[in-house]
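The structure appears right after this line, and notes come after that.
Bear in mind these aren't lab numbers, they're just calculated from the coordinates by the rules spelled out. Owing to the predicted nature of the structure, the values given are computational and were not obtained by experimental measurement. A quick note on method: Cβ atoms are made from the backbone with ideal geometry, for glycine too, and the neighbour counts reach across all protein chains shown.
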Amino acid sequence: MIELTVKGYGVFSVEEGSDYEALASRIQPKDDAPIVAVKCGNILKELNQPIERPCEVEMIDLRHPDGIRIYQRGLSFIMIHSAMKRFPGIKVYVENSLSKGLYCEFTCEKRLNHNDYAAIADEMRALVARDVPFQKCVMTREEAARMFEAQNMTSKLELLKYRNEETVNLYECDGVYDYFYGYMVPSTRYIQYFDLLKYGDGIVLRHPTADSPSGLPEFIESPKLFDVFKEADEWARLMDVGFVSNLNSHVEDGSYRELVQMAEALHEKKIAYIADRITAKKKRVILIAGPSSSGKTTFANRLRTQLKVNGLQPITLSTDNYFVDRHLTPRDENGDYDFESLAAVDVDLFNKNLNDLLDGNPVDLPVFDFQTGKRTYRNRPVQISENQPIIIEGIHGLNDLLTKDIFKRDKFKIYVSALTQLNIDAHNRIPTTHSRLLRRIVRDNQFRGHSAKRTIGMWGSVRRGEERNIFPFQEEADDVFNSALLYELSVLKKHALPLLEAITPDEPEYGEAVLLIKFLGYFRSIEEDDVVPSVSILKEFIGGSGFDL
């Protein structure tokens with residue numbers, strides 16, 4: 001017998017060689033959140049893996065990011081299998097996250113309609129009811145290639161060309177074989193909650209979230225985000241870089257330099273378009289917001305340049321200088337200062353200063369002293385004219401409460417995020433959080449001396465702040481700028497890999513590091529940083545930016 005300490009549940013005795021699924025079945029999940037995996041020490045394990053040694057075990061349910069990712073993989077496989085069975089020869093593309101689900105498209109001899117999607121959903125429910133296991137099997141690259149060719153999975157076939165290992169771990173379900181980046185649930189019965197909703201040219205594959213672990217969250221349409229993803233998809237098609245294998249091909253044959261130039265030109269074209277809209281509409285307050293490591297600072301600088309090209313003379317204003325004095329700062333649930341709360345900002349003073357500036361009055365703008373935790377003044381009043389729009393970058397920029405006293409006619413809101421449309425293959429999307437976390441790991445080490453361990457350790461808190469303060473307002477934006485660059489992960493790889501490899505198995509961040517190391521293993525590396533222009537958003541993270549950041 002082996003004794004295991006299960007975090008939050010106590011000590012359990014189990015037979016050596018039994019699996020974690022048997023252990024999970026003895027535990028009543030909290031809030032009915034299904035358990036889909038475990039962590040033994042700091043190592044993520046599938047439920048059907050054998051228990052080999054005593055360790056502290058953490059149950060991974062659908063309130064955990066790893067739990068959601070595992071559930072998504074199982075759900076995706078069930079949907080892919082069901083679509084292939086119902087419509088032989090069909091190709092399924094799992095594109096991106098959207099409206100708390102996964103947006104998917106299909107290539108088929110016929111154009112699928114509502115009834116066809118309902119038929120796929122019925123097939124999925126039948127597969128779940130049969131409780132079919134997901135069997136992991138090891139194949140040689142040659143065997144996997146033959147399997148993918150037989151199943152018409154061409155993107156996976158292309159990816160195999162860039163695999164260094166001689167073997168491939170595949171999952172089999174009811175005669176269908178597929179490759180997935182990451183772990184899987186033991187069988188189809190774990191996927192109880194899902195729905196297919198026709199949307200655009202495809203469907204949103206709906207699934208539980210951390211906030212709704214035992215059901216489906218409310219569907220909230222995100223038309224602006226959807227349009228940006230479709231635009232990114234068109235860019236990817238234009239540059240022939242829809243999958244990692246396409247990018248690797250450019251890196252290996254040396255054509256990546258032109259790819260870099262095209263990606264940067266598309267960014268510049270979009271920024272110029274946004275500047276033209278602001279100029280034409282005579283907007284005077286430009287609010288920029290987005291999640292961490294989206295490149296907001298470089299975007300603001302490049303937008304400022306384009307506005308100058310249009311004959312304007314923009315100024316910048318930082319909401320950080322409007323923090324309330326430290327003793328008035330709200331605290332979070334752990335008792336720490338919550339600087340991300342809107343209540344940490346003196347909104348009334350901010351709005352008064354903005355209106356005075358817009359009216360042409362001189363204003364002595366505050367400067368927040370982070371050492372003393374108090375606001376100070378320079379006694380150098382600022383006065384602007386009508387051709388001087390005010391650029392404001394901050395996490396609350398899309399929230400109307402930040403600029404509650406400013407007329408809507410004067411405001412232009414911009415949401416900036418790295419919404420990559422590059423995917424590993426047709427069934428394995430690249431989460432936008434992967435790109436942003438890798439950007440931040442590299443930047444924090446380059447400019448702040450932080451280890452990857454520290455950055456990963458803070459990431460959960462960063463993500464919770466985004467969920468509260470940024471994502472609920474993204475559809476309020478007047479325009480959305482996608483800061484992702486199709487080539488960036490090939491550049492980031494050489495910077496991030498040694499930082500991730502420094503995290504040891506005894507550290508809590510090890511599991512996430514292993515996941516990111518495996519992810520970077522799909523990419524061929526672009527070794528020269530000088531191929532990236534000095535004005536590129538990527539330079540904000542790897543260094544060498546032409547802007548004063």
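Stick to Cα atoms and the Kirkwood definition of Rh, then tell me Rg/Rh for the chain.
On the way: Rg = 25.0 Å, Rh = 25.4 Å.
Checking Rg against Rh, the ratio lands at 0.98.
Helix 510-520 axis versus longest C-alpha principal axis of the chain: approximately 90°, rounded to the nearest ten.
What 222 nm value per residue comes from the helices of the chain, counting each DSSP H run with n ≥ 4 as -39,500 (n - 2.57) and dividing by all residues, nearest 500 deg cm²/dmol?
Result for the chain, helices only: -12000 deg cm²/dmol.
Angle of helix 65-86 to the longest C-alpha principal axis of the chain, folded into 0 to 90 degrees and rounded to 10: 60°. Each Cα pair under 8 Å and six or more residues apart adds its separation to the average, and for the chain the resulting relative contact order is 15 percent.
Between ALA22 and LEU342, what FRET efficiency follows from the Cβ-Cβ distance if R0 is 56 Å, with the result rounded to 0.05? Write down the numbers at each step before the final one.
Numbers: r = 48 Å, r/R0 = 0.85.
The value I calculate is 0.75.
Roughly how far apart, in whole Å, are the Cα centres of segment 242-291 and segment 74-129? Computed from Cα coordinates, the inter-centre distance equals 32 Å. Angle of helix 256-281 to the longest C-alpha principal axis of the chain, folded into 0 to 90 degrees and rounded to 10: 50°. Per-residue extension of 0.36 nm, minus the Cα-Cα distance of ARG331 and ASN169, leaves a gain of 53.7 nm for this segment.
Using a Förster distance of 41 angstrom, determine the FRET efficiency expected from the C-beta separation of GLU476 and GLU252, and round it to 0.05. Once the sixth-power term is evaluated, E becomes 0.45.
Sorting SER82, SER385 from the fewest to the most surrounding beta carbons within 10 angstrom yields SER385, SER82. For the listed residue pairs LYS296/LYS518; LYS198/LYS281; LYS136/LYS230; LYS308/LYS374; LYS198/LYS539; LYS39/LYS493, the alpha carbons are over 32 angstrom apart in LYS198/LYS281; LYS136/LYS230; LYS308/LYS374; LYS198/LYS539. If R0 is 35 Å, the Cβ-Cβ spacing of LEU160 and ASP32 corresponds to a FRET efficiency of close to 0.30.
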